[in-house]
Structures are given as structure tokens and as C-alpha cells.
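Quick notes on the structure that follows.
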Amino acid sequence: MNSARTFESIVIIFNPNSTGDAPKLAEELRDKLSGLLTYSPSITLQPTEHAGHAVELARDAATAGEHVLVVSVSGDGGYNEVVNGVMQANNPTAVCAVMAAGNANDHRRTTATKPVAEAIAEGHVRHIDLLRIHTGQGIEVPAEYAHSYIGFGLTPVVAIDLEKGSKGAFKEMFSVVRTFSKFKPFAIRQTDGKRRKFDSLVFANVAEMAKYATLSEADDKLSDGKFEVVTLPHKAKWRVLLTALRATTQGLGDQPSVGSYAFSTLKPLPYQLDGEVKSVNANTHVRVECAPAALPILG
């Protein structure tokens, strides 16, 4: 563990239209820090104005100085944008933190060690691994990072359908069932040239996702230099449903850990990067790799 850190600047990024009351939580965090900290940093509230804006705000904040803390008051998707912005700044001394204010909050729920304000006041920074994905865009386009998971197949398809509807447990359940009934598997070509068909392919840096599913039993997933590969080869839908039920009740058990995983797409394919849905073109080489200890965090 590093010695306690202090910051010249603390930038709190939030979505003013968040379903998790992010504006109020951001203001409360600012006020609490003003009372807890024994030094006097600049504390700035930065509301986002559009999708992707948190990437810009975080990149600008992390570029502005060496002793910077960027706090995301958000769910997994908002934090993903902040992490990517900080990584684009290429400032190894910039530190991140997240306060849960979203729908799933998988990362905060599974990795938190103490309340955010208390962790900032104590200033003990730790480093976690990130997932890094390259989707054949070329060297001029930066790689994308994920703090928790990257999912192909059912994961992004369900996420897209949820975004079309309203939040709420019953409506979410209805959306998932509706999507599952229409879902079709996808095929990829592996590095050995073999074509394989999957219902789901998830690369995970945390043990849980989607609020309910336990992907793995690994304890120290955040800093082991590897990530878990959770595969669901194509099978009858009732068998996929049984696997999903097992994930939500007893977990899927141990999963293989790797430092990188590569394949090629055969058709255009959506994928989910933490809470953000992206897409990759057909006939594209995809590589997912671990970025060991890439992100300094508090909390």
C-alpha cells in the first residue's frame, strides 16, 4: 500500500439526469470532504452534458495537473467513461474513485473497501488491473478500457433492450425474458482458425455482474494480472436458462484465467464494456488483454 496521498484538485463528475440522484450525492460528497479533509484542495462539481462527455471531462481533469483525483458519481457506465478519460490522459499519478449512483453498480458493490469520502480522507491509494480491448481500429485510435467486464452475446443484447425500456425490477425482468426468447447465438473465428458458436462470452475483472450473477469464485481478481473467461457455448435455450439460474443462485464456480484472448468476428457484433454498449465490424480482429495495475484508485 502506498503512503497517504493528498490532492491539489478533486473533480467530481456526475450525470445530472441520473436515475440514482447523482446531483444530490455529488453535492453531499463535496460538502463531506470539506469537513473531513485536513488540507484544502480545489473541489469542483462537473455535470455531464451528453453521452461520452465524462470521458472528455476526466481526460481534461487528469491532464491539468499531477495531484488530481477524479471521482465518478455514477453507475458502471459512467465510471467506465471516467476511467477511459483518465487513461487517455496518460498521467500515472491521476487517481480515480467511484460513488455508486446508477442502476447496477457492479464495480463499486464488489470492490468497495470503505465509504468513498473516508477513503479519500485517508488517502491510501491502491492499483487495480483493467481490461483493455483492441477492435482493429488502427494505432491512431486509443484502445478502450473496462474496469469490470467485457461481454459479447447475451450481455449487450439484454443491455440494449433494457435501455429501450424503463428501469425497475419487474420491467427489467420482463425485458430480459423477452430478449432471451428472441436471442440468437453468434459465431467467431479463434486464433487456431476454428469457428465456434457462443451464446455468451464474458471477460471479467470482477466476480459479479448484472446485480445478480456470480461469475467466479476468485478472490483477488483486481490485481492478479489476469482476467476470467466465462464462456457459454451455444446450446438449447432451456440449458442456457439453467446456467443463468445457477449464476444467480450458487455461482458458476472457478473459471479459467488468462492474460489475453483474441478472436476474429464473422459478422457485426455488439459488445458491452462495463455498462456501455459498443459494436465491432465484421471480419475484425479483436484482442482483449489485461492492463496490470493500470489504474490508481481510492475506496
Original post:
Among the residues of region 236-246, is there at least one that is outside any strand (DSSP E or B), closer than 18 Å to Phe183 by Cα, modelled with pLDDT of 90 or more and not hydroxyl-bearing (Ser, Thr, Tyr)?
Top reply: no
Subject >> Residue in region 51-70 that is surrounded by the fewest Cβ atoms within 10 Å (Cβ to Cβ), counting only those that are modelled with pLDDT under 95 and of a type outside the set (D, E, K, R) >> reply: Ala51
Subject >> Residue check for Ile133: in contact with a helix residue (DSSP H, G or I) (Cβ under 8 Å, 6 or more places away or on another chain) and modelled with pLDDT of 90 or more >> reply: no
Original post:
Residues in region 259-275: is at least one crowded, with 18+ Cβ neighbours inside 10 Å, at positive phi and not polar (S, T, N, Q)?
Top reply: yes
**OP:** Say whether the condition of being over 20 Å from Gly299 (Cα atoms), surrounded by 14 or more Cβ atoms within 10 Å (Cβ to Cβ) and not hydrophobic (A, V, I, L, M, F, W, C) is met by at least one residue in region 4-18.
**Re:** yes
Subject >> Scope region 80-101; condition of a type in the set (Val, Ile, Thr) and not in a loop (DSSP other than H, G, I, E, B); matching residues >> reply: Val82, Val83, Val86, Val95, Val98
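Residue-wise test of (1) buried (at least 20 other Cβ atoms within 10 Å of the Cβ); (2) at pLDDT 80 or above; (3) under 22 Å from Gly259 (Cα atoms); (4) within 13 Å of the chain's Cα centre (by Cα).
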site	(1), (2), (3), (4)
His127	no, yes, yes, no
Gln137	no, no, yes, no
Ala143	no, yes, yes, no
Thr179	no, no, no, no
Original post:
With (1) without any contact (Cβ under 8 Å) to a residue 24 or more places away in the chain; (2) outside any loop (DSSP other than H, G, I, E, B) as the list, and His50 as the residue in question, which single condition is left unmet?
Top reply: (2)
**OP:** Please specify each residue of region 55-79 satisfying the condition of being touching a Gly at 6+ places or on another chain (Cβ under 6 Å) and part of a helix (DSSP H, G or I).
**Re:** Val55, Ala58, Arg59, Asp76, Gly77
Subject >> Close pairs from region 266-282: first under 12 Å from Gly153 (Cβ atoms) and part of a strand (DSSP E or B), partner hydrophobic (A, V, I, L, M, F, W, C) and modelled with pLDDT under 90, Cβ under 7 Å, at least 6 apart >> reply: Pro270/Val157; Pro270/Ile160; Pro270/Val277; Gln272/Ala159
Subject >> Cross-chain or 6+ apart pairs with Cβ under 9 Å, region 79-93 first and not assigned by TED's automatic domain parsing to the domain that holds His53, then surrounded by fewer than 24 Cβ atoms within 10 Å (Cβ to Cβ) and part of a helix (DSSP H, G or I) >> reply: none
Original post:
Only one residue in Val73, Val98 is over 12 Å from the mean Cα position of the chain (by Cα) and within 18 Å of Thr44 (Cα to Cα). Which one?
Top reply: Val73
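The values are calculated or read from the model by the stated rules, or taken from the named source; none is laboratory data. No experiment lies behind these values; they were computed from the predicted model shown. FYI the Cβ positions are ideal-geometry reconstructions off the backbone, even for glycines, and counts take in every protein chain you see.
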